[in-house]
Amino acid sequence: MEFDFAVIGDNWRFLAYGVWITILLSAVSGFASLAAGLVIALLRLYGPGWLRVPIVLYIDSMRAIPVLVVLVWTFFALPIVAGVTMSPFTAALIGLTVHLAAYAAEIVRAGIESVRPGQTRAALALGMSRAQVVRRILLPQAIVRMLPAFGSLLSITIKDTAIASVIAVPELMRQSETVAGQSFQPIEVFSFAMLLYFLMLFPVTRGVDRFYRRVAHLGRS
Amino acid sequence: MTLDWSVVWQHRDALLAGTATTFLLTIATMAIAIPCGIVVAVLRLYAWHPVRAVATGYVELFRNLPLILVVYWAFYVLPILTGLGLSPLATGLAALSLNVTAYNAETFRAGINSIRRGQVEAAMALGMTRAQALRRVIVPQALRRILPVLASTWVSLFKDTSLVSVIAVTELAYVSMQVRAQTFRVLEMLTAMAVLYWLLGYPQAKLVDWMQRRMKVTE
């Protein structure tokens, strides 16, 4: 069997566009799910009591339903329910964010709960409001402790964007499929895509670990 | 918009068969990935250096690749590498096993590493061999830390089996989307698929929480 990697050179622009969409989708949905996760976790911990049940139900449901199912439902079924049409990219962004925000919320909650309750009591005794306690005492320590978990969430986000290929988002997986299909050289193309994904993911996991080791002392108390 | 939910009931046999395949894939993958994960973890920890490097490379590679890409890759590459015409089910099983073995190896390695060195040294000072120390001292303690992680890997795997639908393995996701394509009942079938996954996955996720609470190790 012979390999001919010229197919990569011939289609490099097409594949590079896929890399760009993968990075864009990962960055936007990663950021959106962190922000949403923070809000959800704070509502769960400090919000009104009746909100707790629906939030826990939402989080556990997202842990039970595959991303593929969430993405396919968002792209094909949501427009029927909501009466709107949306691009694959928008659908993927919504689906991924709804799915990953649940995981982010769990990370934030675990981080906040890891700060000893004595600190909250001490801060309240000093006359701080609840909001001040969260902002000045809990979050600064919790955020540092959450870093490793956020790092793995980011790498999960990048990996999950590949599933958006199923709803025709032109990210790296989808572009590779197209090139593989047109050139009849799936082995070369998919092996090259593996290399690209590894090059995107490995520095993220390693970089976060290294950064965490440098700042870990800020989270200790 | 008129909805016709009877389409779900009409295709109950296909959906049930899909559900069975989903469970079969999950069970078979774990049955392969647990022993293989142990082997890879032990190779990574105790083997000759070059072998160690290969095992580490394998784990790092597969933990840093999207599973769906591994599925496509296996679909096109395995028949050429092995010279066999593998069924979609066997290909999907191979791809899932490659992926989960890497995760399990990392779980086992972390579990073994979490037991302090001094315990092995003490066991060996008492005259146990390395293998005896591993079997009698490390493994029983490490299991408490490993089982909850394996359980959450199980739940992830259960969900990830949906990805082999892209190579036409007739599991729950594939069957649902096939029925959708045949009947054009998009909303009904996709919602039924989500609800079925929810019904099956939710108790499993809750069971994992319970296990993690029960087996919590406090030092």
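The values are calculated or read from the model by the stated rules, or taken from the named source; none is laboratory data. None of the values given here were measured: they were computed from a predicted structure. Virtual Cβ from ideal backbone geometry, glycine too; neighbours counted across all protein chains shown.
For residue B:201, only one of the following conditions fails: (1) in contact with a Phe, Trp or Tyr (Cβ under 8 Å, 6 or more places away or on another chain); (2) surrounded by fewer than 18 Cβ atoms within 10 Å (Cβ to Cβ). What is its number?
(2)
Has the range A:62-74 got at least one residue that is modelled with pLDDT of 90 or more, away from chain B (no Cβ under 14 Å), closer than 25 Å to residue B:192 by Cβ and assigned to a helix (DSSP H, G or I)?
no
How many residues are surrounded by fewer than 17 Cβ atoms within 10 Å (Cβ to Cβ) and among the hydrophobic types (A, V, I, L, M, F, W, C) when one looks only at the range B:110-158?
Matching residues across the range B:110-158 total 10.
If I go through the range A:1-37 residue by residue, how many of them are surrounded by 20 or more Cβ atoms within 10 Å (Cβ to Cβ), under 20 Å from residue A:156 (Cα atoms) and not β-branched (Val, Ile, Thr)?
Looking only at that region, the number is 8.
Give, as residue ranges, the helices (runs of 4 or more DSSP H) completely inside the range B:87-183 that count at least 1 residues that are within 14 Å of another protein chain (Cβ to nearest Cβ) and under 27 Å from the mean Cα position of the chain (by Cα).
Answer list for the range B:87-183: B:88-113, B:139-160, B:172-183.
Kindly indicate the residue of the range A:39-54 that is surrounded by 19 or more Cβ atoms within 10 Å (Cβ to Cβ) and not basic (Lys, Arg) and also farthest from residue A:168 (Cα to Cα) among those meeting that condition.
Applying the filter and picking the extreme gives A:41.
Among the residues of the range B:184-213, what is the count of those that are more than 8 Å from chain A (Cβ to nearest Cβ) and over 26 Å from residue B:150 (Cα atoms)?
Residues that pass the stated criteria total 5.
Using the structure shown, decide if residue B:45 is part of a helix (DSSP H, G or I), within 14 Å of another protein chain (Cβ to nearest Cβ) and at pLDDT below 95.
No; evaluated as a whole, the condition is false for this residue.
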